[in-house]
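Student: Quick one: structure below, then a few questions.
The values are calculated or read from the model by the stated rules, or taken from the named source; none is laboratory data. Quick caveat: nothing in here was measured; it's all calculated off a predicted structure. Cβ atoms come from the backbone with ideal geometry, glycine included; neighbour counts cover every protein chain shown.
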Amino acid sequence: MTNPINDAMLASVTPFLGFFNGPMGAALQRPDIANFAFGNPNEMPLPGYISALHAALEPQSPDWFAYKMSEPKSQAAVARSLTARTGLDWDPADVAMTNGGFAALAVALRAVAEPGDEVVFLSPPWFFYEILILAAGATPVRVSLAPPSFDLDLAAIDAAITPLTRAVLLNTPHNPSGRVYPLADLEALAGTLRAASARVGRPIHLIADEPYNRIVFDGRTFHSPAEVYADTIITYSYGKTLLAPGMRIGYLTVPPTMAGREDLRNAVLLAQIATGYSFPNALLQHAIEDLERLSIDIGALERRRDRMVGALGAMGYEPTTPEGTFYIMAKAPIDDDMAFGRILAEEGVVILPGRVVEVPGWFRVSLTANDAMVEASLPRFERARARAIAGEGAALAAGR
């Protein structure tokens, strides 16, 4: 018998899998490709990152590489950082170290949602929100954010909340749009959630997915929803700020203002075990105090953003100007973004078609491409646009 949950999970990631199994995924293997598809490094790692790992590698006790849960020193380092950045007095006991932001989200959803509950998420989403909600036994409820502004739609969020709603999942800074939601927007969202919680008779958690919270541009200050909404769970990955996504370490945590947060700790611990021991490895935990002080060059990302936005706009594309993250969204010159992505791949550029992140007719550009890739890509973007407008996109879409 077919398992409907597995069918739903497969459906949620079919566009993502289709990208890798098609011509765009194959083009990633070409040595001459300008790779704008994902937030992977295209330059050597930070020297300080390597030094931190070397320093942490020397054992200081027999249990240095033993089974680890959340190491007290790691929890304390994270709590100090959160206190400095939010102004709230964070308790290290509320910090759960995880093997990346992916695991932090899976654990958060398992900890707060039960089978039959609903979780509201905002679209365009990160690829795996829907499948993680389904894996927790909950029902995903989608609320759309309209391009090109991708503003929060409070009325739509409120309308999506029912007595079964257990959590709302918010990504800020937002992938793929690059929006950094300001404090006023977060305060308005908090008011909506407080009113909805009173209406349904139980607290609605706000899961704030914040892996890009230190990658903001133009002198902006990032604000976490935890500053204004007590029932917030923050999930975080160090893989973005350090541009080392294969080194899996992150955390989930709650603010000191959450009532009854002590009760959540056991639920989180059990969820970490139930999801396959979702704790980071020992070496990364030992190094975390040094890693907390490091960052990729945000100024270089901002300059790359300005170069790409200006150049694409001059060609006739309609790009957004991201306020943070690694990403630019741009409107494809034809409606079929998958066909346009294939034209670009033929020209030597791989982007992420908007359909993969539920924004058909658009595409996403990752700013982790290096400067040489950026410069090499510009005439290719121009040729691809001309080809698409000339009708080649329609032929590709028809399978010819």
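Student: If the requirement is being surrounded by 24 or more Cβ atoms within 10 Å (Cβ to Cβ) and either closer than 21 Å to LEU28 by Cα or not assigned by TED's automatic domain parsing to the domain that holds PHE19 (or both), which of these qualifies: ALA339, ALA332, ALA345?
Tutor: Unique residue meeting the criteria: ALA332.
Student: Looking at the range 80-96 only, could you name the residues that are over 16 Å from GLU227 (Cα atoms) and surrounded by fewer than 16 Cβ atoms within 10 Å (Cβ to Cβ)?
Tutor: ALA93
Student: Inspect the range 348-355 for any residue being part of a helix (DSSP H, G or I), crowded, with 24+ Cβ neighbours inside 10 Å, assigned by TED's automatic domain parsing to the domain that holds ALA390 and touching a helix residue (DSSP H, G or I) at 6+ places or on another chain (Cβ under 8 Å) and give the result as yes or no.
Tutor: Checked the range 348-355: at least one residue is part of a helix (DSSP H, G or I), crowded, with 24+ Cβ neighbours inside 10 Å, assigned by TED's automatic domain parsing to the domain that holds ALA390 and touching a helix residue (DSSP H, G or I) at 6+ places or on another chain (Cβ under 8 Å).
Student: Taking the range 100-115 on its own, how many of its residues are crowded, with 17+ Cβ neighbours inside 10 Å and free of Cβ contacts under 8 Å to residues at least 60 places away in the same chain?
Tutor: Count: 1.
Student: Taking the residues in the range 310-329 that are over 16 Å from ARG179 (Cβ atoms) and of a type in the set (A, V, I, L, M, F, W, C) as candidates, determine which candidate is surrounded by the most Cβ atoms within 10 Å (Cβ to Cβ).
Tutor: Here the residue is LEU312.
Student: Does any residue in the range 229-246 that is on the phi > 0 side of the Ramachandran plot come within less than 9 Å, Cβ to Cβ, of a residue that is not in a loop (DSSP other than H, G, I, E, B) six or more places away or on a different chain, and which pairs are these?
Tutor: Matching pairs, first to second residue: LEU243/TYR49.
Student: Let me ask you something else. Could you list, in sequence order, the residues of the range 183-202 that are in contact (Cβ under 8 Å) with a residue 40 or more places away in the chain and either outside any helix (DSSP H, G or I) or more than 29 Å from ALA300 (Cα to Cα) (or both)?
Tutor: Hits for the range 183-202 are GLU187, LEU189.
Student: Just checking, how many residues over the range 201-226 are out of contact with any helix residue (DSSP H, G or I) (no Cβ under 8 Å at 6 or more places or on another chain) and surrounded by fewer than 15 Cβ atoms within 10 Å (Cβ to Cβ)?
Tutor: Within the range 201-226, residues that are out of contact with any helix residue (DSSP H, G or I) (no Cβ under 8 Å at 6 or more places or on another chain) and surrounded by fewer than 15 Cβ atoms within 10 Å (Cβ to Cβ) number 5.
Student: For the range 322-346, give me each residue that is without any contact (Cβ under 8 Å) to a residue 40 or more places away in the chain and within 14 Å of VAL365 (Cβ to Cβ).
Tutor: ALA330, ASP337
Student: Could you list, ordered by first residue, the pairs with Cβ atoms under 8 Å in which the first is in the range 47-71 and among the aromatic types (Phe, Trp, Tyr) and the second is surrounded by 13 or more Cβ atoms within 10 Å (Cβ to Cβ), at least 6 apart or interchain?
Tutor: Close Cβ pairs satisfying both conditions: TYR49/LEU242; TYR49/ALA244; TYR49/LEU291; TYR49/LEU294; TRP64/ALA282; TRP64/HIS286; PHE65/ALA282; PHE65/LEU283.
Student: Among the residues of the range 356-377, which ones are within 19 Å of ALA339 (Cα to Cα) and either of a type in the set (A, V, I, L, M, F, W, C) or modelled with pLDDT under 95 (or both)?
Tutor: Across the range 356-377, the qualifying residues are VAL356, VAL357, VAL359, TRP362, PHE363, VAL365.
The rows are residues; the columns are (1) under 17 Å from ILE233 (Cβ atoms); (2) buried (at least 21 other Cβ atoms within 10 Å of the Cβ); (3) out of contact with any strand residue (DSSP E or B) (no Cβ under 9 Å at 6 or more places or on another chain); (4) not assigned by TED's automatic domain parsing to the domain that holds ASP158.
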| site | (1), (2), (3), (4) |
| --- | --- |
| THR98 | yes, yes, no, no |
| ASP117 | yes, no, no, no |
| LEU122 | yes, yes, no, no |
| TRP126 | yes, no, no, no |
| ILE133 | yes, yes, no, no |
| VAL141 | no, no, no, no |
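Student: Sort through THR221, THR275, THR235 and tell me the only one that's over 21 Å from GLY39 (Cα atoms) and at pLDDT 95 or above.
Tutor: When all the criteria are applied, what remains is THR221.
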